[in-house]
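Report on the following structure.
The values are calculated or read from the model by the stated rules, or taken from the named source; none is laboratory data. What you see is a predicted model; the values in this text were computed from it and never measured. Here Cβ is always computed from backbone atoms with ideal geometry, including for glycine, and neighbour counts include all displayed protein chains. Just so you know, the surface numbers come from the protein's heavy atoms only, side chains and all, with ligands and any DNA or RNA stripped out. Shrake-Rupley method; radii C 1.70, N 1.55, O 1.52, S 1.80 Å.
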Amino acid sequence: MTEENDVLILAIESSCDETAAAVVKNGREVLSNVISSQIALHTLYGGVVPELASRKHIEKINQVIEEALNKAGVGLEDITAIGVTYGPGLVGALLVGVAEAKAISYAKKLPLIGVHHIEGHISANYIENRELEPPFLCLVVSGGHTHLVKVLDYGKYEILGKTRDDAAGEAFDKVARAIGLGYPGGPKIEQAARGGNPEAISFPQAKVRDHPYDFSFSGVKSAVLNYINGCKMKNIPIVPEDIAASFQKAVVDVLVGHAIHAAKETGLRKLAIAGGVASNGVLREEMRSACEKRGIAFYHPSPVLCTDNAAMIGTAAYYEYRAGTRHGWDLNAVPNLRLGER
Ligand code: KG4
Ligand code: ZN
C-alpha cells in the first residue's frame, strides 16, 4: 500500500557487472529489488570485460526496470524521483544507467538524483537495520574499494583510511584466479577455505606502516603467487583449500583489526560493514565476535544487499532527496567520483 505523501524512488545501478533496478519506499522499505547478473558472461573471460558489460546493460535495462515496477506493484506515475549510480565504476557501464535515468526523468518530469556507488553500499545497512542512524563507522569492502569511513550524518562522510593498491575484493579475485578457482573469486575462496587450514601458511598482513587505517593488499597477493611458484619449483603439490583459508585469514584479520582500532580511537560504538566482501561469512563472524567482546553494536546487510544492487542506491537517493540534492540534464558518468563530491 502506498499513500500520497510516500516517497517512492525508482533506483538504477549499472556501474559494473550487474544490471539492477529497485523501488524503495520512504528510504528503508524495499518494494522490489531486481538484479540481472552478468557473471555467466564474464566467467568465460576470467573477469569483467568492460565493453561486454556495457552491451549487456543496454540489452537488459528496460526489462529489469519493468520487472522492478511490476514486482513493486507500481507504475512510473507513482514514482517520486529517479536515483541512479553515476560513479565510481566502469564509464561505459555507468553511462547506460545514467542515460536511462535521464530519459525517464525527462519523459515523466521527475527529479533526478545521482548517487555515489559507495554511499549506496553504506546505505544498504539502513534497509534491514531500521534503528541504525548516523554517526557510525563503516568498513566498505568491495571489488573496487576498501574504505574505512566515519558516517557523520546522512550524506556526510569522513574517510579515515583506504587501500593503497588493490581493493580487498580484487585481491580475492586475483588469488582465486592464481589457484584455479575462477571468477568471481570471493565466494569461491570462501567455499574452498571451508575445507582448508587457516594456519597452514603464514601470509603477510595487509598493513601500511604509520597509517593504521590504510590497507595494502598487493603484498599478500604477491606472497600467494610466490608461494605457488615456490611449490611448483620444488615439486611440492599445492593445497588450494589451505591457500584459500590462509589468505582469507590474513585479509580478514587486518579488516577486523583496523575497524576495531578505529572504533576505539573515534569512540563510535556502532560499526557496519558493506560491499561485496561484506557477504563473506568469516569476516562477518570475526567482526561480530570482536564487536561483542567490546560492547560495540555490529551491523551488516544480507548478502544480496552487500553485492551490487539497486535497493541500496534507492535508499541513498532517498536521503539525498530529503537533503535537497537534484541533478540536472548535464548529469554525466564520473568513473573516479570521490565520496562526498557532488
Ligand atoms: O560490491 P561488489 O558487488 O562490486 C563492487 O562494487 O566492486 O563487490 C564485488 C566483489 C568481488 O571482488 C567479489 O569477489 C567480492 O566482492 N565478494 C566476496 C564474496 N562475495 C563477493 N569476497 C569475499 N567473500 C565473499 N563471499
Ligand atoms: Zn559495488
Members of the range 87-110 found to be open to solvent by less than 20 Å² (accessible area, probe 1.4 Å), touching a Pro at 6+ places or on another chain (Cβ under 8 Å) and within 16 Å of ligand 2 (Cβ to nearest atom), listed by number | 87, 88, 93, 94
Any residue in the range 173-188 that's part of a helix (DSSP H, G or I): show its pairings with residues that are at pLDDT 90 or above and aromatic (Phe, Trp, Tyr) at Cβ separation under 7 Å, as long as the two are six or more apart or on different chains.
-> 175/247; 185/172; 186/172
Which of the residues that make up the range 260-279 are open to solvent by less than 10 Å² (accessible area, probe 1.4 Å) and either within 15 Å of the chain's Cα centre (by Cα) or under 17 Å from residue 125 (Cα atoms) (or both)?
-> 271, 272, 273, 274, 275, 278
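Can you tell which of 54, 37, 32, 105 is within 14 Å of ligand 1 (Cβ to nearest atom) and of a type in the set (Ser, Thr, Tyr)?
On the way: 54 fails: within 14 Å of ligand 1 (Cβ to nearest atom); 32 fails: within 14 Å of ligand 1 (Cβ to nearest atom); 105 fails: within 14 Å of ligand 1 (Cβ to nearest atom).
37 is the lone residue from the list that is within 14 Å of ligand 1 (Cβ to nearest atom) and of a type in the set (Ser, Thr, Tyr).
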Of the residues in the range 120-162, those that are within 12 Å of ligand 1 (Cβ to nearest atom) and either open to solvent by less than 10 Å² (accessible area, probe 1.4 Å) or at pLDDT 95 or above (or both) come to 120, 121, 122, 124, 140, 141, 142, 146, 147
State yes or no: is residue 68 closer than 28 Å to residue 155 by Cα, over 21 Å from the mean Cα position of the chain (by Cα), of a type in the set (A, V, I, L, M, F, W, C) and surrounded by 21 or more Cβ atoms within 10 Å (Cβ to Cβ)?
-> no
Taking residue 338 as meeting all but one of (1) loosely packed, with under 14 Cβ neighbours inside 10 Å; (2) over 15 Å from residue 118 (Cβ atoms), write down the number of the exception.
-> (2)
Please report, ordered by residue number, the strands (runs of 3 or more DSSP E) entirely within the range 51-165 with at least 1 residues that are of a type in the set (D, E, K, R).
-> 146-153, 156-162
